[in-house]
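Participant: Would you mind keeping the following structure in view while I ask a few things?
Derivation of every value follows stated rules applied to the coordinates shown; laboratory data play no part. Please read all numbers here as calculations on a predicted model, not as lab measurements. Neighbour counts are summed over all protein chains in view; Cβ atoms, including those assigned to glycine, are modelled from backbone coordinates with ideal geometry.
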Number of protein chains: 8
Amino acid sequence: MPQNAGKPLALVLMGSDSDLPVMEGCLAVLKEFGVPFHVEFCSAHRTPERAAELASGAASAGFKVIIAAAGAAAHLAGVLASHTTLPVIGVPCPSALDGLDSLLSTVQMPAGVPVATVAIGKAGGVNSALLAVRILALSDDSLAAALEGYRAKLKEKVAAKNEALKKKLGL
Amino acid sequence: MPQNAGKPLALVLMGSDSDLPVMEGCLAVLKEFGVPFHVEFCSAHRTPERAAELASGAASAGFKVIIAAAGAAAHLAGVLASHTTLPVIGVPCPSALDGLDSLLSTVQMPAGVPVATVAIGKAGGVNSALLAVRILALSDDSLAAALEGYRAKLKEKVAAKNEALKKKLGL
Amino acid sequence: MPQNAGKPLALVLMGSDSDLPVMEGCLAVLKEFGVPFHVEFCSAHRTPERAAELASGAASAGFKVIIAAAGAAAHLAGVLASHTTLPVIGVPCPSALDGLDSLLSTVQMPAGVPVATVAIGKAGGVNSALLAVRILALSDDSLAAALEGYRAKLKEKVAAKNEALKKKLGL
Amino acid sequence: MPQNAGKPLALVLMGSDSDLPVMEGCLAVLKEFGVPFHVEFCSAHRTPERAAELASGAASAGFKVIIAAAGAAAHLAGVLASHTTLPVIGVPCPSALDGLDSLLSTVQMPAGVPVATVAIGKAGGVNSALLAVRILALSDDSLAAALEGYRAKLKEKVAAKNEALKKKLGL
Amino acid sequence: MPQNAGKPLALVLMGSDSDLPVMEGCLAVLKEFGVPFHVEFCSAHRTPERAAELASGAASAGFKVIIAAAGAAAHLAGVLASHTTLPVIGVPCPSALDGLDSLLSTVQMPAGVPVATVAIGKAGGVNSALLAVRILALSDDSLAAALEGYRAKLKEKVAAKNEALKKKLGL
Amino acid sequence: MPQNAGKPLALVLMGSDSDLPVMEGCLAVLKEFGVPFHVEFCSAHRTPERAAELASGAASAGFKVIIAAAGAAAHLAGVLASHTTLPVIGVPCPSALDGLDSLLSTVQMPAGVPVATVAIGKAGGVNSALLAVRILALSDDSLAAALEGYRAKLKEKVAAKNEALKKKLGL
Amino acid sequence: MPQNAGKPLALVLMGSDSDLPVMEGCLAVLKEFGVPFHVEFCSAHRTPERAAELASGAASAGFKVIIAAAGAAAHLAGVLASHTTLPVIGVPCPSALDGLDSLLSTVQMPAGVPVATVAIGKAGGVNSALLAVRILALSDDSLAAALEGYRAKLKEKVAAKNEALKKKLGL
Amino acid sequence: MPQNAGKPLALVLMGSDSDLPVMEGCLAVLKEFGVPFHVEFCSAHRTPERAAELASGAASAGFKVIIAAAGAAAHLAGVLASHTTLPVIGVPCPSALDGLDSLLSTVQMPAGVPVATVAIGKAGGVNSALLAVRILALSDDSLAAALEGYRAKLKEKVAAKNEALKKKLGL
């Protein structure tokens, strides 16, 4: 299965290949922070045994966090969370109802089995990785430092856009 | 586990005991039509292995139809449908969002794994059983006749309410 | 009227020709499973007598299941269900409100008259046929076996997509 | 069937007796304006033949307008409108989803078959009758004059409430 | 101001020129039925005095029905209804929120001042005219006959589409 | 009409007496800040002439700001804004749809005629007055100082609640 | 930072450069009315210190009103309002959910800290500036006169569109 | 400020004391797992400086995770996340719109600043603590073991409810 260098810490699962564009930002952020990951298509409905197997074995395989992207009746994150005690991050993907169904299916988990849900679509894709990094940084000081650098870059980008705006408006 | 007389044909699962009031109408209709059933609390998230086991074994255990009631991120019906080829009927139960999340989590299944979804709440509870009876009646003429009788009774009830209305309005 | 070979078991009705793209997946699945069907445009509002006639006579004509696709104030499935005791499957079609109106008009049936509702749009089109096959398979072992084959193919497709993903990501 | 004095001009149908509290305002307004009416419970789903019969025969029976109240998958007004060329007024009744499903099921009719939809619940009950009176007043000058009187009374009620407010606030 | 031949009976107002595509179906139906109309852009917010003037004087100018199209915070129909006792038909136009805001702003009128609301967008445009014709037909037998003809044509169009479907599917 | 001492600066209008509980917080805040106001029931639909008259004359009568509370198809704020160039603040009141209709009817104004919309219900009632004070404070230094005092009190209340919490939790 | 001539009175902040197309109408209206402004990208989440700094210092820097545009979890206007007693106007920008999330995040402020919310998207962009002008006009008679001129032009534009409509329809 | 024994690892903030009933389950779970916490009312809008101070200093004070509960325009979690690189968990609290506004304001964060959102209301309160424990358990084996015990207890509770159900139904 696809993974980048190092023993993977993040398990990234997508319910369908239509979720890949949403999750490209997730993979890019994980690479940017040097977090090794394993990525795989895995559907709560089409490959339920594989979903249970991956989630059940994730902790002993050395994973620290699971990221699951799915759309519509998005059961993947919840199903995974029911088979592990690792933190599970859910990314609601766009759908016929603009992702509202995906969001509600992911976030409205019953008491007992939490899913850490992020925003619908590409913003959520990026933020799922950043949330994973925030969690991993709790026991990795270099990641914590990298997060501070990332925050600084966010500010710099706003500053650069302000320079461009000044020129555009001729001020 | 609870069941009524005869080899059970309908497997009725509820994600939580808060779903029981919604499903009392379901059980009453199954009894009225003499459909033997097995009923059990079973959560997609708290007892995922039991859910998989019940669904996987349902057909060989002689069940013909599965009815699943759940609320909020209502994954139960979809999870069951992923482990069986029997028809699975989903009942969305009321929630903090009036059951809209339950409905979308139940009905918006991806292509490949259908859930036959009925109305939110008590109307759905009753109708889940009636839909099961409509399915079972395809190979049971006495059930088909009973359904015709049920339809006639629906009409009679409307007629009786019209008599009461006439009196109430003094006409 | 259009139908494929054999005495039709599934009656497929569409409220409008704009629903045809949604239902092409339904017809394809029925053909794939060899389920003979009759398909026809029939509107609850423009041809109400035809809708009543088709539904009332469906059982005696040998149909086992009715599939109805409609959008917006999607009354077709409910109107058909009021004229038959066969199981009726409703497919909510996209609309000005992304199909939310179609979904609620189809699924929120009152106690007494169930409609088995599937997902909005093309996923629902495919799943309406699969649900029909699940129902027909209760008394047809070859269909039950074909459903098992279909499930296996769903898994194989996921595996194939994982191979493609591995290549794409250069892993 | 219940009706008030005179040859009835308004046909008032309710899908269920739970709709009666919503429609008491409708009946009260019709009486206030002296519009003779016939009122009856009639369900699109439980008594579809009666619904078709009432709507088909309404014009020749002398009715000028039909008012239909229903909730959830509220098909009644649309079904009636498909069987008559009289104006049909739809009142969406409260439901598990606060009447949003009732509203969308009533108002989102396809091109060709209009339903004149009013507000959800009791405001809609009152307004369904007032809309009927506005229609009937087109050929009845005394009704037109009564409507002007009604408008004047609405203003007077606001004035009276302002008097009460002044006292309450001690101004 | 634009109008077609004869003393106008229908007053058609649009809040904005972006509503014209929605209302072309309305004008076409009025022409098809030979209903003379007056059409004008008139905004509840940009030309409130003109809106009040048109509505207040509509009855004495011989109009029998008012049709108002508007989007977003669609106040036009309600504002007109507050200045007349003629029946007012509201057409909710598409908006940033797919017309849901337009629909709620039009239909949720308080008890006392009804607006006859039709579907969002082009279906509503066509149906606003058909509802006007249904109202006018109460005192015009030729319009009533034309409506019967229109209903027959709706059925014929479905039949023609079924012929095309049969060919397309090669059946 | 009700008003408190001094030449009124704020014109507070409510569409219905059911809006009074929502607006009691508004009146209390205006009194707390010593802003003289005039308050009156005035409906966009039941007293449209009065609404136009009040808004048209508000500036010359010395008012600086208008606050309008209404529910459901809440047209009041928009109608007032169309008759004045004063800032108009809209308070969406609770309704059958929890105030979502009120909110959309108030806020979604077309380009050209703004309404300053605040939160649904009692929070909006309080905030409508605070927003009015923020506007009036631009030319009244004592009001500006009072607003700073109000902000300080908000902080003190949080501190007091923290003391109570500490005791409650026994910490 | 970008600003037009004169000591700026309006502080216009945008959460992201994707909000610029929404706010071009705002800037154009401010220019049209000759209101000097300062415009800057500033994010509640990426540059929270800058947001606090700008809002805290706005009053003493001579600003009279703050306009804030943001989308999705649109916190910018509320965050600014918590750091100033100036009136803050919020513009909800389009998002994956059509701006419904942006609207609710902007308008549903708790009692104590108001945000003057305008419509979603471009209409809101224009109206944010017009609302600012209405506020500034309270102490600037030339702005008040300009607003009257603006209202007159709105009416003239409707008249011009009616001329075009007359020609288009050949009437 | 309130806290339980030990150097606190979880910082629990609530926007208002009306959020306390929602968060009692959170505090109970933290106590059950022996996770020391600090709890405090802190509003993004009423005490913005305190919110910034707490979040900015949380990591150096030894906190590992922040939990923030807020309703309506629920900005608290997002504001905190903008001032720290610790993982921030957001709990959307019930509101006038049933918590839908709270949910969207919490979850729809822009790319760059993630909030780990859990379910609306009490289920979310419990799950926020469980998610915090899952995160802390990554570097604390005794917590990981306790989570396994918690999962086992969830299953046992379902089993106990099934015993009760069997008795209740007399089976």
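Participant: Build a GNM of chain H with springs between Cα atoms under 10 Å: which of H:Ala52, H:Ala152, H:Ala70 gets the top mean-square fluctuation?
Facilitator: Answer for the Gaussian network model of chain H: H:Ala152.
Participant: Here is a follow-up. Relative to the first principal axis of the alpha-carbon coordinates of chain A, what is the inclination of helix A:48-58, with its axis defined by its Cα atoms, in degrees from 0 to 90 and to the nearest 10?
Facilitator: Once rounded, one gets 70 degrees.
Participant: Can you pick out the pairs among A:Lys167/G:Lys157; B:Lys155/E:Lys157; E:Lys122/G:Lys167 whose Cα atoms lie more than 27 Å from each other?
Facilitator: Where the Cα-Cα span goes over 27 Å, the pairs concerned are A:Lys167/G:Lys157; B:Lys155/E:Lys157.
Participant: Using Cα pairs under 8 angstrom and six or more residues apart, how large is the relative contact order of region E:59-171, in percent?
Facilitator: The normalised contact order for region E:59-171 reaches 20 percent.
Participant: On to the next question. When the Cα centres of region E:53-71 and region G:138-171 are compared, how far apart do they sit, in Å?
Facilitator: When both Cα centres are located, 22 Å separates them.
Participant: Looking only at B:Ala51, B:Ala96, B:Ala159, which one moves most when chain B is put into a Gaussian network model with springs between Cα atoms under 10 Å?
Facilitator: B:Ala159
Participant: Then there's this: How do H:Leu104, E:Leu103 rank when sorted from fewest to most other Cβ atoms within 10 Å of their own Cβ?
Facilitator: H:Leu104, E:Leu103
Participant: Assign unit charges at the C-beta atoms only (+1 for Lys and Arg, -1 for Asp and Glu), then state the dipole size of chain F relative to its Cα centre in Debye, rounded to the nearest 20.
Facilitator: For this selection, approximately 700 debye.
Participant: To continue, here is another question. When only Cα pairs under 8 Å and 6 or more residues apart are kept, what is the percent relative contact order across region D:1-145? Please report the intermediate quantities before stating the final value.
Facilitator: Values: 313 pairs, mean separation 35.2, N = 145.
Computed over region D:1-145, the figure is 24 percent.
Participant: To continue, here is another question. Scan chain H for the residue whose Cβ is closest to the axis carrying it onto chain F, then write down that distance in whole angstrom.
Facilitator: H:Asp98, 5
Participant: Moving on to the next point. At 7 Å along the Cα-to-beta-carbon direction for both C:Glu156 and H:Ser56, put a label point, then send me their distance in nm to one decimal.
Facilitator: So the two model labels end up 6.2 nm from each other.
Participant: Angle check, please: helix B:20-32 long axis (alpha carbons) against the longest principal axis of chain B (alpha carbons), in degrees 0 to 90, nearest 10.
Facilitator: 70
Participant: I've got another one for you. What average count of beta carbons from other chains do you get within 10 Å of the Cβ of residues in C:36-44?
Facilitator: Shielding by partners across C:36-44 averages 4.
Participant: Rounded, prolate or oblate: which one fits region B:14-54, using the alpha carbon gyration tensor with axes a ≥ b ≥ c (rounded when a/c is under 1.5, else prolate when a/b beats b/c, else oblate)?
Facilitator: Values: a/c = 4.87, a/b = 1.71, b/c = 2.85.
Verdict is oblate for region B:14-54.
Participant: Now a separate question. Neighbour counts of other C-beta atoms within 10 Å: give me C:Leu80, E:Leu27 arranged from fewest to most.
Facilitator: Lowest count first: E:Leu27, C:Leu80.
Participant: Putting +1 on Lys and Arg Cβ atoms and -1 on Asp and Glu Cβ atoms, find which of C:Ala74, C:Val113, C:Met23 reaches farthest to the positive end of the dipole of chain C.
Facilitator: Value computed over the given set: C:Met23.
Participant: Can I ask one more? In terms of the Cα gyration tensor, with a ≥ b ≥ c the square roots of its eigenvalues, is region E:122-171 rounded because a/c is under 1.5, prolate because a/b exceeds b/c, or oblate?
Facilitator: In terms of gyration-tensor shape, oblate.
Participant: Another one. Quick one: angle between helix C:122-136 and the longest Cα principal axis of chain C, in degrees between 0 and 90, rounded to 10, please.
Facilitator: It is inclined by approximately 80 degrees.
Participant: Hey, another quick one. For peptide G:68-77, what's the mean number of Cβ atoms from other chains within 10 Å of each residue's Cβ?
Facilitator: 6
Participant: Counting just the Cα atoms, what span does the protein assembly as shown cover along each of its three principal axes? Round to the nearest Å and put the largest first.
Facilitator: 84, 84, 54
Participant: Let me know the mean shielding of E:148-158 by other chains, meaning the per-residue number of their Cβ atoms within 10 Å of its Cβ.
Facilitator: Rounded to a whole number, the mean comes out at 4.
Participant: Further, regarding this structure: Compute the Cα gyration tensor for region C:1-78, then decide on rounded, prolate or oblate, letting a ≥ b ≥ c be the square roots of its eigenvalues: rounded whenever a/c is under 1.5, prolate when a/b is larger than b/c in the other cases, and oblate in all that remain.
Facilitator: The shape class here is oblate.
Participant: Also, quick follow-up: With a 10 Å cut-off between alpha carbons and a GNM built on chain F, which of F:Pro21, F:Pro94, F:Pro114 moves the most?
Facilitator: Comparing F:Pro21, F:Pro94, F:Pro114 in a Gaussian network model of chain F, the most mobile one is F:Pro21.
Participant: Ignoring everything except DSSP H segments at least 4 long, calculate the 222 nm mean residue ellipticity for chain G; use -39,500 (n - 2.57) per segment, divide by total residues, nearest 500.
Facilitator: Working: 6 runs with 81 residues, N = 171.
After summing the helix terms and dividing by the residues of chain G, the value is -15000 deg cm²/dmol.
Participant: Still on this structure, I have one more. Give me the three principal axis extents of chain G from the C-alpha atoms, as integers in angstrom, largest value leading.
Facilitator: 60, 40, 31
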